[in-house]
Structures are given as C-alpha cells and as structure tokens.
Amino acid sequence: MLNNLPARKSNGRKLAMLAGLVAVGAIALLTDNVSREIRLLGSARSDNVQWALVQTQVEFLEFTQQIDLEPVNPAELRLEFDVFYSRVATIREATVFEELRSDPSSSLHLDGLVAFLDEAVTIIDSPDDDLLGQIPQLLRLSEDIAPTVRALGNSGLDAFAQSADSQREAVARTMTQLAIAIVTLIGVLLMAILFLNRLNAQITRREQENHQTSTRMTTVMSTSLDGVIVCDSNGLILEFNPAAEHIFGRVEKDVLGQEIGSVIVPDHLRDAHDAGMERMRNRGEKRVVGKGRVQLEAKHHDGRIFPVELAIQSAATDEGEIFIAFLRDISKRVADEAELVEARDKALASEKLKTDFLSTMSHEIRTPLNGLLGNMNLLRDTELSQQQDRYLGYMETSGRLLMSHISDVLDITRYDAGKLNTRSEPVNISALFQDIIDNQGSTAAKNETSLTWDWHGPSMDWVLSDHDRLQHVMMNLIGNAVKFTRRGKVTVIVENTGTSDAPELFVKIQDTGPGMSEDLAKRVFDDFVTGNTAYDRDVGGTGLGLSIAKRFVHALGGEIGVDSILGQGSTFWVRLPVSIADAPEEDNGDDVAPHQPGQSQLVLLVEDNEINRIVAREMLQSERHTVVEASDGRQGVDTAKTTRFDLILMDISMPIMDGRAATRAIRAGNGACKDAVIVALTANAMPEEQKEFLADGMNDILTKPLSRDALRALLKKTGGVRENCEIPMINKSHNAETREALGEETYVRLRSRFVSEVDEFREWLGADEVRDYLEISTYSHKVAGSAAVFGADQLRGTLKEIEAAAKVGDVKAIKDQEWALVDIWQETKLQLSN
Amino acid sequence: MLTRIAQTSLSLVLIFGLISPASADDLPAPQGEVILTVSGDISATNVDETLTLDRQMLSALPATTFETSTIWTDGVHTFTGVSLVDLIDVLGMENGRLLATAINDYTVEIPVTDAVEGGPIIAYLMDGAEMSVRDKGPLWVIYPYDSEADYRTEVIYSRSIWQLDRVEVIQ
C-alpha cells in the first residue's frame, strides 16, 4: 500500500501535468487567435470601405451633375471628375480593397469603371472648347457607366457584409473555443487543487506518522533494557542508547561518530573485528549480522572485559546500510551459570564419591568375607565335632547372607550409577522357572504350601534376555511368596502377552499369603522396605530385595508391580519385552563329573590378597594340583616366562601390574606360557568388562568367591578327564589315625553305624518322594562329615557335590551324583571293611 | 516652448517678410493658386478674415518628411509636408481643434492634441512629387502609420483626409 503510493502519486502528477499542458497549449493557441482577431479589429485595416464605396456613387453623381449643368463649368467638371477618378484609383490600389477586388463581379465592375475613366479622361483633359464640344459624348458615356457604378457599390456591400459575417463567426468560434479551453483549464486546475490537497493531507499524515514513529523509536531506544548501538557501514556510531551508556560506561555524545571497534571491542578481538568489517565492506560477507544471538566479549570504558550477548541486524536506509546491535551484559548470568555448573559438578562429584565409596567398601568387605567363606569351606574338610559342624553351618549361612546383602548393595550402587548393564543371551524360560520352583519346593513344603507354575497359552522356551538378572528377580519374587505363605498356595503363571513381532513375557506370582496394606503395596518396591509381619524375624532381609528386582526389571526394559489385598494375598507381576531366540546347541561335554578328579596340573595363582590366595591354593591342592603363587601381576608375568603352566588364575585388580596388563604381557611375550590358559578371577565383572578381558587374551572368567565346583569344572576343561581315579577311596593314613584315636572297639561300632547311616541316606535319597533341597544339602552334609572321620575321601567328595547341587537346586546334578554314589559306596564299603 | 514660438515667429518673418505678426493686414496675399484656406479663430490673416496659402508659402514653412505605408496605397512611400505642430504654432494655437474639409466637402475634426512631434503632417509631396487631385492631392493629412499602432486605428484613418483645401480653427 505504502509502496504503491509513490507510483500512484507520480502517475497522478503526470496526468495532471499533461492535462494542464494541454489546457495551457489550447489556451495559448486560442489566445493567439483572439489576439490576432483583436489586432485585426484594433488596426481597422478596413477603414470605412463601405462608406468609401457609397462615396464612389456620390462623387459619380456630383460629376454627372456638373455635366448636366447649363452652361457647363469646365473647371468644376474637371475637379469633380478628378475627385471621382481619385476615388476609383483608391479602390483599385488600396490594400483595404484587396478583398473587394478579389470578388469576381466587383472586379468586373471595377474594370468597366476603369475603362470608362480611361475614355473620359481624354475628353476631360482636352482644352475647354473641345471639352464643351464633347459634353454630349461624356454624358452618354457616364449614363452608360452609371449602372456599373451602382453595381460595384452593391457587390462591394455584399462582399463586405459576407466578410464581416465570416469574421464575426470566426471571432465567435474562437471565443467559444477559448471559453471551453478556459473551462477545461479551470477544471484541470480544480482537479490539481484537489489532488494537491490530498497529497498535502497525505504528506501531513505521513509526517505525523513519521514523527510518531520516531518518537516511539526514541522512547523504545531510551527505555530499552538492552543496549542499542546503531552504526553505519564504516562502523561509525550513529546512536548509543542509555542502556548502552550504562553497560559500557560511556556517554553517547562522546562516542557518536567514533568507530565502534575502538569503543566496545576488547583489544584482543580488535583484529578479528576489523577483519570482519573489512570482509563485509568488500564482499558483503556477514558472519554475525542477522545470525541471531551471539555471545562475545566486550570492553567497558574502564578496560574491564565482560561477556555480552548480542544480536546485530542490518537495515537499508537512504544514507546506506546501517547496523543495529542489541547488547546485553550477561556477566551475572555467566557467573550464575558457572556457579551452577560448579555446584552441579560438586554434587556429581560427591555423588560419585558416595557411589565409589559404597562400591569400594562393598568390595573391600567382600574380599575378607570371601576369605572367611573360603576358610570355612576349608574348615569343613577338617575333622569337626557335630557341634563344631553346626556352628560352622551357622557361620556359613550368616556369611552367605552377608555376601548376598553386599551384592544387593553393589547392585543398587551400580544401577544408580548407571553401570548396571544387562546381557542379551538365549534363556530357556521353562527351564529357568522349573529350576526356581524345584529350588523353592522344599521351603514351600516346609510351609505346607503348594507351589506350581505353568504356561498360560503357548509356551515360549528360548528368548533373548539376561539369565542371571531374570533368575534373580524371579527367585526373589517366588522366594518371597513362598516365604510369606503358610498352608496356602503359590501359583506362578507365565504368558506371552505380546505379538508375534514383539513378544512380551508376562509373569504373575499369586500367593494366598497375608497380603499387604495399600500403603505398604505402594512402598514395597522402595529401598529398605520390609513387611511389618510376625514372619519378618523368620525371613529376615535388608528390604532391598524388591527394590533390586525393580531395578533389574527396569534395566531389562520391563515393568513390575503388585496387587494385594490385606489378608487375602498378593499378586506380583512382571512384564518384560523379549525377543524369540533359537535354542543354543547342546554342549554335551559340559557335564561336570566332580567325583572324577582330573589329572594333576601345574597352576600359577596370581592374587594379591593373601587370604584369597590361601583359599584358592588350598582348594587346588586338595584336588592334587601343584600351585605356584605370585602376589602381583609383575611377579606373575616373570614366573610365567620360565615355567610352562597348565593354568594361570589371574586376579584382575592388583598393585604394581593388574591382571589385564599381566595377561597382555604374557600373551605378547615369548615366554613359556605364551599360549597357556589364563582365567580371570574377578568379583564384579560386567559383561563388557568380560569382553575386554577376553580381548586382552584371557580364555575364561571365574567369579569370586571362588567355588570348588567352578574350579573343578574349569580344571576339567583344561586338564581333561583322567580315567583312573587317583583319589583313593579311603585316605589310609587318616583312617589309621581315627582308628587309633578311637580305639578298635569304638572304631568298629562307629564304622557299622557309619555304614548304616550311608545306606539310610542312599535309601532316603533314592526314595520316590519330593525332597526339600535344604534337607538334601543338610543331610548330605552330615553324612559327608561322617565320611571325613573315616577318611572316605571319594565318598565325602561325592556327598559334598550333592550338598552343593542341592544348595543351588540342581536336580540333575543330584541325580547324577546319586548314581555315582552307588559304585563309590560299594568300593568304599569294601575297602573300609579291611 | 518659448524658443519654439520664437523660432516659428522667425519663420513667419522669413516667410512673410514681417518683423511682427501684430497686423494681419500686413500679411501678403498669396501670389500663386491658393491651395489651403485657414479660417476661424486665427490672429494671422491675409485675405479677408482668412489666411490663404499657396504652394510656395506652404513650402516656405518648416518641412517634415517621413516614410510610411498607407492602407490606401500600395507599398511604402515618402511623404513631405508641414507638420501639424508647426502649423498650429504658426496659427498660434494652444488648444482646440481643427475642422479639415476636402474638395468634396468631406469634413473631419482633428484635435490639437494630435499635433505632436513625430505626428501627422499636411503632405504636399509624395515621393518628392506634387500630388494632383486624381492622386489625392494637392494636400493630404498623413499620419506616420507605420511608426506606432495607435496610428492604425479607424479614427486616425478617418482623420487622414485627402484633397484637403480648407481648415477652420476652433479655439
């Protein structure tokens, strides 16, 4: 609109000018016409021609009268003739009679008249006597010409009348045209006045608007909280508002016309600034202009450098391009941010410190605990009285509970530190649940509670998930249900609630236990929440079990929840996204046969913790392996250089050189153990860490606390199975000691009791009844203790296997050992009787 | 003005051979054919109550010559004669008018105000030659029409009387 105005205005102006010019031109033309007419009228070129014509007749009459006079006066006659002659001559010659002469009839008459005069003049000019004598002839001539004189006068009158008429008409026409032209001009002038009036109004309005805009701009500039600096393309300051004055400590009048760089740009940025200005001037390249908010440093009048946030925009004006910079002192904000960052860093550091502390403390606690448990394990191999054996059982239970608490704390710490990673491996869901149910069966039986599980809908055996975590969660939930339910029912329902594309594992653990209050149900997954029931004392717990379960489920991308009615029971449920996996290939050779100890192997044990070292050494030595010890990585590497070991057990965290570096050194070097089997010993290896260990050149990983079974399984792998059992059925020296100590009579009595004890045990174990795992382990443990007294090492070992298998609920292992027991017991009994 | 009158008087003295114009009777009668008769309120007379002038006497008066075209003739012509200024000086007129009459008794009135320097003359020569009655002679009042537009008006044309033979002075 505003853009169209000037074009419209200029069009209007052109039109008005054109119309005005046309009108003025017309008027000029007409005025010229009129003035010519006026000149014609004013100069009266016509004289009084009509009068002159009439006078011709009068003078002709006066002449004829002189002819008619009696007597004729020649002088008078000549005079009258001359006057008439003069008149005709005038008509013939005078310019005023040109028009008349151009009239054909008048011209004809005039010629006749001239002919008459020519003829008469000869008579008139003759001497008086001759003249008088020729009067009659003169009379006749004049009578002949009289009609011509009259006709000339009439035709002249006609001609002049016509001429006058046409002249009048011409004048009238010109006048009319002039009038029209004047009216047109007046019209144009009126239009021009209107147009100018409107233009004037517009200009006035625009001026007012401009004024208002300018006032508004000034107000905006002066009240803006941001500094506003306007400069031209040379960087010379044109405006500097009060906020800018405040920010930079300058006064506007001092900086106007100065180069902006010298006023606000810090010295160390001057070169960059000048280069930028140069670039913009030469190539129009704009790096900051129009690019939104930029954070830069600026210079205060007192030389202080401070951070500013600025936005620059350019605008085209009549005086060339100008730049408007909006600046804000962000010193405070930057300081606040820095403070905030510092506070956050401190918080993070302290959080990390806490986590580290917990992690370290847990680790530090676990190491000696491992020592305790290992030593207790070794203690079992010694001769114990029943009371001692009972105490040792309590210690082991307490120790394991403590270990599990520490593991809980570690898990929570890891999860909260974001370090809890999960594996994705094929897991057999059915087997997993069956194992857990088998494991919990004895407890459930003790509580007189039925424990069952089943698929709801089609089963889904192999899925990708984290076996250990999943087992932990389910063991916890099912264990809880079993723990809290007396004379009731625990039902586990497993279901695939997902689609074929996205399978989803949904597990419901329903119990008919005491249930929870609504309040407790809400908090039950929080840390350190324990039920306030009478059973608490019995079941114990840190109150971390469910909170860890929740963390694991979340880590696996699932959900966990509980619906409970106080007094009626609880239903815990878990929903996990999984993906279907193929069943892994069967590892047939994986069956551990612990009752068939492997060949004696040469083992290098690299471990900094002395107690752990002793435990591991004892375990290895009890299996008849030869052990060489090293207390750090460096020693380990040195030892491995010269001696070829069948197995190197390598602790990870050690002083001087850690296990990973030592492994790399052994693999990289050219020593005897370059290709030896190296197995990591670690307490808390994460899956990705384990991958790294393998990448370092380790063959396998053993998790601390070291268990005899795991160690055996490993040694079996490295050493192979030896057909001939080297472990004697009876430790003769030990047996001899016992025999001597007890005395023959007591020995024999006890031996028969021992034989019946074992027989009873076998019978009990082989009976077709559901047994509680705890019972199996306790019973086998007890029998193993008796076997130890008689030095029946093989028997004892097998019983210990059963005990260990029962503890983890390994039904298959128990069955296997049970079969192995048949031969061993037969042989032992035979040897013992000798 | 006085100088002018003195000059004119001197002229008359030269013309008429008189020392003073005090006595009209002293003025000589014209020797040749009378071509102009002045009557009316005039102090100088020679025949009866009039001043009659022949061609010689007119020629003796100061002559004025100019070129001009007229609407009654073709082209530019040179006219010579007594200017009206000189004539009224001779006649001793200060104001009033002249009634000029032609041979055919056509009369026009010429105000004394027309008598100005560079104004009309009573011409007796056209192109250096005397004018016959047939050529609008012997005397013709001619205004310098070409010199200014004011002389090219109907009134001036009507005052341009030809075949002039009588002038009556009315003071």
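Values in this text are rule-based calculations from the coordinates and carry no lab data. Please read these numbers as outputs of a predicted model, since none were measured by experiment. Here Cβ is always computed from backbone atoms with ideal geometry, including for glycine, and neighbour counts include all displayed protein chains.
A straight chain from A:Ser350 to A:Ser224 at 0.36 nm per residue would run longer than the Cα-Cα distance by 41.0 nm. Placing +1 on the Cβ of every Lys and Arg and -1 on the Cβ of every Asp and Glu, with no other charges, gives the protein assembly as shown a dipole of roughly 7840 debye about its Cα centre.
Converting phi to 3J(HN,Hα) with the Karplus coefficients 6.51, -1.76 and 1.60 and the offset θ = phi - 60°, the stretch A:782-795 yields 5, 5, 4, x, 5, 4, 5, 4, 8, x, 7, 4, 4, 4 Hz in sequence order, with x at every glycine or proline.
Rounded to the nearest whole Hz, the Karplus-based 3J(HN,Hα) values (6.51 cos²θ - 1.76 cosθ + 1.60, θ = phi - 60°) of the stretch B:126-138 follow the sequence 10, 6, x, 10, 5, 10, 7, 4, 4, 9, 6, x, x, with x at glycine and proline. Sparse packing (at most 12 other Cβ atoms within 10 Å of the Cβ) combined with a DSSP loop state is found for the following GluC sites (Glu not before Pro) in the stretch B:83-135: B:Glu94, B:Glu117. Per-residue ellipticity at 222 nm from helix content only, as computed over the protein assembly as shown with -39500 (n - 2.57) for each DSSP H run of at least four residues, stands at -18500 deg cm²/dmol. Using C-alpha pairs below 8 Å separated by at least 6 residues, the relative contact order for chain A is 7 percent.
So for chain A: antiparallel DSSP bridges make up what percent, rounded to the nearest 5? DSSP beta bridges in chain A are roughly 65 percent antiparallel. Gap in Å between the Cα centre of the stretch B:101-119 and the Cα centre of the stretch A:644-703? The stretch A:644-703 and the stretch B:101-119 have Cα centres separated by 157 Å. When Lys and Arg each count +1 and Asp and Glu each count -1, what net charge do the other residues less than 12 Å away from A:Ile67, Cβ to Cβ, add up to? Result for the local shell: -4. Given R0 = 51 Å, the distance between the Cβ atoms of A:Trp819 and A:Asn670 translates into a calculated FRET efficiency of 0.60.
Scanning residues 5 or more positions from B:Leu125 or on other chains, those with amide H under 5 Å from its amide H are B:Thr80, with H placed 1.01 Å from N in the peptide plane.
Under the convention that each Lys and Arg Cβ holds +1 and each Asp and Glu Cβ holds -1, the size of the dipole of the stretch A:732-833 around its Cα centre is about 220 debye.
Full extension of the chain segment joining A:Ser105 with A:Leu189 gains 25.0 nm, where the gain is 0.36 nm per residue of separation less the Cα-Cα distance. Kindly provide log₁₀ I(q)/I(0) values, in the same order as q = 0.07, 0.10 Å⁻¹, from the Debye equation applied to equal alpha-carbon scatterers of chain A. For chain A, the Cα-only Debye profile gives -0.82, -1.15.
The phi-based Karplus calculation (6.51 cos²θ - 1.76 cosθ + 1.60; θ = phi - 60°) puts the 3J(HN,Hα) values of the stretch B:159-171 at 7, 7, 7, 10, 6, 5, 9, 9, 9, 10, 9, 10, 7 Hz, whole numbers, x for Gly and Pro. Note on the stretch A:190-248: along the principal axes its Cα atoms extend 59, 27, 10 Å, ordered by decreasing extent.
With viscosity set to 1.002 mPa s and temperature to 20 °C, compute the Stokes-Einstein D of the stretch A:347-412, Rh being the Kirkwood radius across alpha carbon pairs; µm²/s, no decimals. Once the numbers are plugged in, D ends up at 160 µm²/s. Using the Kirkwood formula over every pair of different C-alpha atoms, what hydrodynamic radius in Å results for the stretch A:593-719? By the Kirkwood definition, the hydrodynamic radius is 14.2 Å.
Positive end of the charge dipole of the protein assembly as shown (Lys, Arg +1 and Asp, Glu -1 on Cβ, about the Cα centre): tell me which of A:Val574, A:Ala94, A:Leu141 has its Cα farthest that way. About the Cα centre, the residue reaching furthest to the positive side is A:Val574. In this structure, the residue pairs whose Cα-Cα separation is over 32 Å, taken from A:Lys508/A:Lys691; A:Lys483/A:Lys704; A:Lys641/A:Lys807, are A:Lys508/A:Lys691; A:Lys641/A:Lys807.
Would you work out which of A:Leu694, A:Gln440, A:Ala243 lies farthest towards the positive end of the dipole of the protein assembly as shown, given +1 charges on the beta-carbon of Lys and Arg and -1 on that of Asp and Glu, about the Cα centre? Towards the positive end, the residue furthest out is A:Gln440. Looking only at the stretch B:112-137, which residues have a backbone nitrogen under 19 Å from a spot 7 Å from the Cα of B:Val155 in the C-beta direction? Residues B:112-121 qualify, since their backbone N sits under 19 Å from the label point.
Over all pairs of different C-alpha atoms in the stretch A:732-833, the reciprocal of the mean inverse distance, the Kirkwood hydrodynamic radius, equals 13.8 Å. Taking amide H positions as modeled 1.01 Å from N, with prolines and chain starts lacking one, the residues under 5 Å from A:Ala683 and 5 or more places away or on another chain are A:Lys704.
For chain A, the longest principal axis of the alpha carbon atoms and the long axis of helix A:732-742 meet at an angle near 60°. Spin-label model, A:Arg168/A:Glu285: points 7 Å from Cα along the beta carbon direction are separated by 9.2 nm. Simple rule: put +1 on each Lys or Arg Cβ and -1 on each Asp or Glu Cβ in chain A, find the dipole, and look at A:Ala767, A:Gly669, A:Cys231; the Cα lying farthest toward the positive end is A:Ala767.
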